[in-house]
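Enquirer: Before we start, here is the structure in question, set down as structure tokens.
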Amino acid sequence: MNAKVAVIYYSSTGNVHRIAQAVAEGAEKAGAEVRLRRVPELAPDAAIDANPAWRAHLDATRDVEVATLDDVSWADAYALGSPTRFGNISSQLKQFIDTTGGLWQQGVMADKPATGFTSAHNPHGGNESTLLALYNTFHHWGSLIVAPGFTDPAVYGAGGNPYGTSHAGGSGVPGDATLAAARHQGRRLATIAARLRATA
């Protein structure tokens, strides 16, 4: 049975968006039905306009559908992504997560596989701590964390982060190695979700 995967992310200047697309591609290649969704922007226009790359990315991705709670209910598995904000997830993604309380009380996310991805400016700028912080939510949801681990050479090629695909934005946009790791992560998530559906 094919899985339904929700890839839900926040991206300010585009790096996490590119990773999200690659995660979605990997899940689709594994046979999953995928919804790629962005969470709403919360920052004021003054802050966005102060960074031309931020404004350009926001304008370029206006056609990407905004995540809703229906996407969470619909999915068999979740891939959530956020840039690092002081070693934690962005307020934009956190705001969306905070709206899932009613679904959590119903057990909607329980027993569903989930994974995360991120980007910080520097290689050690908080990527791992951001993913671990995100995974706290998955623990509370009762989800099954599906980290990439070292299950494919692509993980090593992208810098060897077993917690999830990450990118050092100061080096430019995500390259082929990072996107390959993200595709593997999406494929792994969808494959495990399909196995769980088949045994349910």
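Enquirer: Can you tell me the equivalent ellipsoid semi-axes for the range 17-140? Use √(5λ) from the Cα gyration tensor, largest first, whole Å.
Expert: Numbers: eigenvalues 110, 59, 50 Å².
For the range 17-140, the ellipsoid semi-axes come out as 23, 17, 16 Å.
Enquirer: For the full complex of protein chains and a 1.4 angstrom probe, list 86, 117 by accessible area with the highest value first. Please list the in-between numbers first.
Expert: Working: 86 215, 117 0 Å².
From most exposed to least exposed: 86, 117.
Enquirer: What percent antiparallel are the DSSP beta bridges of the range 1-133, to the nearest 5?
Expert: 5 percent
Enquirer: A further question on this structure: Mind checking the dipole of the chain: about its Cα centre, +1 per Lys or Arg Cβ, -1 per Asp or Glu Cβ, Debye to the nearest 20?
Expert: 380 debye
Enquirer: If amide hydrogens are placed 1.01 Å from N in the peptide plane, which non-local residues have theirs closer than 5 Å to the one on residue 115?
Expert: 78, 79, 80, 146
Enquirer: With all protein chains present, how much of the accessible area of the chain (probe radius 1.4 Å) comes from carbon and sulfur, to the nearest whole percent? The partial results should precede the final answer.
Expert: On the way: 4680 of 9000 Å².
After summing per-atom areas, the C and S share lands at 52 percent.
Enquirer: May I ask you to rank 109, 1 by accessible area, largest first, using a 1.4 Å probe over the protein chains only?
Expert: 1, 109
Enquirer: Dividing the Cα radius of gyration by the Kirkwood radius, what Rg/Rh value follows for the range 104-150?
Expert: Taking Rh as the inverse mean 1/r over Cα pairs, Rg/Rh reads 1.06.
Enquirer: Taking square-rooted eigenvalues a ≥ b ≥ c of the alpha carbon gyration tensor, is the range 77-120 rounded, prolate or oblate, where a/c under 1.5 means rounded and, failing that, a/b exceeding b/c means prolate?
Expert: The shape class here is oblate.
Enquirer: Which of rounded, prolate, oblate describes the range 75-200, given a ≥ b ≥ c as roots of the alpha-carbon gyration tensor eigenvalues and a/c under 1.5 marking rounded, otherwise prolate only if a/b is larger than b/c? Mind showing how you got there, number by number?
Expert: Values: a/c = 2.50, a/b = 1.28, b/c = 1.94.
Cα axes put the range 75-200 in the oblate bin.
Enquirer: So, one more: Can you give me the long-range amide H partners of residue 159? Hydrogens built in the peptide plane at 1.01 Å from N, cutoff under 5 Å, separation of 5 or more residues or another chain.
Expert: none
Enquirer: Let me ask you something else. Using every alpha carbon pair in the range 156-200, what percent of pairs falls into each 5 Å bin from 0 up to the bin containing the largest distance?
Expert: For the range 156-200, the binned pair fractions read 5, 22, 24, 18, 12, 9, 7, 3, 1 percent.
Enquirer: For the pair residue 177/residue 150, report the inter-label distance in nm, with labels modelled 7 Å from Cα in the Cβ direction.
Expert: Those two pseudo-labels are separated by 1.6 nm.
The values are calculated or read from the model by the stated rules, or taken from the named source; none is laboratory data. Keep in mind it's a predicted model, so treat the numbers as computed, not measured. Neighbour counts run over all protein chains shown; Cβ positions are idealised from the backbone, glycine included. All accessible areas refer to the heavy atoms of the entire protein, side chains included, with ligands and DNA or RNA removed. Shrake-Rupley method; radii C 1.70, N 1.55, O 1.52, S 1.80 Å.
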